[in-house]
Amino acid sequence: MTSVLQLKDISRCYTQGSPPAVNALDLEVPKGEILALVGESGSGKTTLLRLICGLEKPDTGTLFLNGKQIAGERSWVPPEKRKIGLVFQDGALFPHLTVEENISYGLQKQCRKQKCQRIETLLCLVGMDGFQKRYPHELSGGERQRLAVVRALAPEPEVLLLDEPFSNLDPALRRGLRSDIHRILKEVRTTAIMVTHDTEDALHVGDKVAILQKGKIEQIGTPHEVYHQPTSGYSARIFGEANQVGQRWVRPEDMEFLSAYVPESHPVMIEEVHDAGRHLEVRVRPQDVTPSVTWILYDASQPGIKVGSPGWVRFKEKSL
Amino acid sequence: MWNHLRETVLTSYFLNTLWLSTAVALLSILMAVPSAWFVSHFDFPGRRFFEWGMVLPLAVPTYVAAFVYRQVPESAIPLLIHIRSTYGVDAYLFTEGFIRKGILALFMAGVLFPYLYLSLRATFLVQRRGLIEAAQLLGRSPSSVFFTIALPLARPALIAGISLILMEVINDYGAVIFMGVPTLTVGIFRTWTGLGDLTSAVRLAGLMMLGIFVLLWLEHHQRGRANFAETSASTAPHLHRKLSRAKGIGAFILCLVPISIGFIIPLVQLLNWAWISLLQKRIQFPWERMVHSLTLALGTAVILTLLSVILVYAERLHPVRWLRQPIRLASLGYAVPGAVVAVGVMTFLGKTQHLTGNVFLIGSIYAIGFGYIVRFLAVGLQPIRAGMERVCGSLDAASRILGHSPAQTLWHINLPLIRGTLLAVTMLVFVDILKELPMTMILRPVDFDTLATLSFGLAQESRIHECAVPSLMIIFLAGLGVFGLNRMLLPSTSHPKP
């Protein structure tokens, strides 16, 4: 697959002396792929987006869009000429323009008829046909964010960037919008990069997930890979609980508690049991691992589980 | 000459300035704080009028108030005669000076307190209702809530408002001359025009700037005029608690007293004088001067607003040091008294005359316009900068990404969104220039009078009845500006609509 966007050795430092927000980063995004970028706050996610769309200039490194250099030494394409769309965290809808005017704002070169048609198509896509004459303040939170997405899609950008597009929404709305946006992006076959600090969003929407730490990419892979086979403690912990087993990290749900020995299982002692509603949260201490550690695993309540009683733990295949 | 100044009048200039600043600041607090609090939080007879009426004194220039109040000390003459015959000359001089300075401080506070009122009201209105309600639910009485929550939170607004008032006091020329309380500004004028000594005038100005830098530092650290030129976008509608009858009357009086001192009494007296001169058939309407004033004030206000927009937008596009520092420096003009700016402009134009040819000829109308812009640029820059930051957020970035150039973005996004702030700024500058006296007097062309210089000149010649008409014209025009400004500053709960 050819990559639409290519970043080579990109760095950006805001204040001299402080660690760089983005640090010698390399990244390639193939055509039609949705890449989800996750990381703790301050890991450089937003800066990376701003660098890609041209709201910031990289200190070093080069950026290519469809093989054409758009930022680097002696070359600079301003944001308005890049053909890269951005969905802002707060939507950044123009409050003095109607839905229709907001969308057509990016369609400068088209004639009236074309614009109307495109607006209608896009609004149908998000189930908002008939909203043309409304103002942003007359829309609900979810509608506003949908409008922000179609506004960015209207000029048919080569790459669409989404900066925490669901962060201002309540959980129920968030889940609905998440699958909607995934559907839309796939329907229009856009290459997209979505920044989020919500790992669930990342795993749901991304074809690939990249984990960012201190301005560098820690791990990149399919949602399954990054979730079940984290390569570092940081990538492991970002998606929730993880148990260190030698050099690997294993998810609690990838461990199985057994009351009888099977081959390749570890003998353990139950230290703590906590009823978490949908399952029991069990802390065990493996007897054959030194130095001594505790593992956490989930179990649908079975009779043998009591504090102080022995058992065996086996790893499921996913984690291997 | 400098030594002579230092030995003779410098101390009294300095002490007068210090005394007047302190007294006006304290009196302004007494006038503005209770009225702003009651108007923002309680319902009482006349609240709707006071809400905007409290700003009207801004339309009255200090020198016009001085014409009116000059006669008050005269009514104390019987008392003064009694003191002189009973306690001697020293007691007489002390009492006379005290009454004169007291009256001066009182009416100056009366016309200047709205600066503080506006900045406080803006703050009281956006203070989160939740905080006040939380304090009430924790068992605090309204007065206790005020002293423990609302006032401490409003401290930045308090300091910003007071420093604006102090700058006006220090800058004042007309009122202090009339009341015979020479301050440093008067000193600069006298040294320069009377003694013809520019060097000593510049030294005096330098001394004065030192004091002002302290104020400026305070203001800079507590946010500036931006406080009240902001239209607050959307705040929860405020609930006005109804006051009992007795307390309502108390609140009414607390609001009525300052607005009477600063607006109603001067207005009634001027109308009375105008009536007298009408009866004496000596009334004249200085239409030509009005055209001068309007052209200068409106023209400069529009140019200044445009210039501010360009500078702020440039700074926004390229947030770099070499652009930011000069713009910050340009906003210092507001802290510099008009007389000092005038000296600077004269010197600058004199030095660059060979470059600009006759366009910016000293004593031309362009020179005054230039001076006004130097002095009032900050009035435009600060609110427009605050407005763009508050309203535009990431919107202009969004526009750039959707393929519009910086200029197109400014035109389609930024300007329509900060329209309210732009109008407010234009009116604020309009009112300021309409009232401005010291700089206009120095920089105006020969035989060129504005309403301000005309009424001041007539009053100086003691043609007090005749100066009523131009004074009323200033108040009327500035009042229109203040009224419009106030409409724009009143927070609305509706969303922006095109």
Fill in the blank from the handout: Filter the range B:341-395 for residues that are of a type in the set (Val, Ile, Thr) and either under 19 Å from the mean Cα position of the chain (by Cα) or at pLDDT 80 or above (or both); the one that is nearest to B:Met427 (Cα to Cα) is B:Val379
Completion exercise
Within the range A:35-66, the residues that are over 23 Å from B:Ala407 (Cβ atoms), over 21 Å from the mean Cα position of the chain (by Cα) and in a loop (DSSP other than H, G, I, E, B) are A:Pro58, A:Asp59, A:Asn66
Exercise for the section: Answer yes or no: is there a residue in the range B:445-464 that is touching a residue at least 40 places away in the same chain (Cβ under 8 Å) and touching an Asp or Glu at 6+ places or on another chain (Cβ under 7 Å). Expected result: yes
Handout entry: Selection count where residues are assigned to a helix (DSSP H, G or I) and under 23 Å from the mean Cα position of the chain (by Cα), scope the range B:39-62
Key = 12
Fill in the blank from the handout: (1) over 23 Å from the mean Cα position of the chain (by Cα); (2) of a type in the set (Asp, Glu); (3) not in a helix (DSSP H, G or I) all hold for B:Asp449 apart from (1)
Practice task
Check whether at least one residue in the range A:11-28 is part of a loop (DSSP other than H, G, I, E, B), among the polar types (S, T, N, Q) and in contact (Cβ under 8 Å) with a residue 24 or more places away in the chain, and report yes or no.
Solution key: no
Exercise for the section: State which residue is modelled with the lowest pLDDT when the search covers only the range A:162-192 and only residues that are touching a helix residue (DSSP H, G or I) at 6+ places or on another chain (Cβ under 7 Å) and of a type in the set (A, V, I, L, M, F, W, C). Expected result: A:Leu169
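Report, by residue number, each residue of the range B:1-28 that is aliphatic (A, V, I, L, M), part of a helix (DSSP H, G or I) and over 18 Å from B:Val111 (Cα atoms).
B:Leu5, B:Leu10, B:Leu15, B:Leu18, listed by residue number.
Condition first: charged (D, E, K, R) and either touching a residue at least 24 places away in the same chain (Cβ under 8 Å) or facing another protein chain (nearest Cβ under 9 Å) (or both). Now tell me which residues in the range B:360-405 satisfy that. Show your work before the answer.
Step one: of the range B:360-405, the residues charged (D, E, K, R) are B:375, B:385, B:389-390, B:396, B:400.
Within the range B:360-405, B:Arg375, B:Arg385, B:Arg390, B:Asp396, B:Arg400 meet the criteria.
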Problem - Answer residue from the range A:288-308, given it is touching a residue at least 40 places away in the same chain (Cβ under 8 Å) and more than 30 Å from A:Glu225 (Cβ to Cβ) and is surrounded by the fewest Cβ atoms within 10 Å (Cβ to Cβ) among those - result: A:Gln302
Problem - Those residues of the range A:244-258 which are within 22 Å of the chain's Cα centre (by Cα) and of a type in the set (Val, Ile, Thr), in sequence order - result: A:Val250
Completion exercise
Picking from A:Glu225, A:Glu200, A:Glu264, the residue that is more than 30 Å from A:Leu37 (Cα to Cα) and without any contact (Cβ under 8 Å) to a residue 60 or more places away in the chain would be A:Glu264
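The values are calculated or read from the model by the stated rules, or taken from the named source; none is laboratory data. Source: prediction; values computed, not measured. FYI the Cβ positions are ideal-geometry reconstructions off the backbone, even for glycines, and counts take in every protein chain you see.
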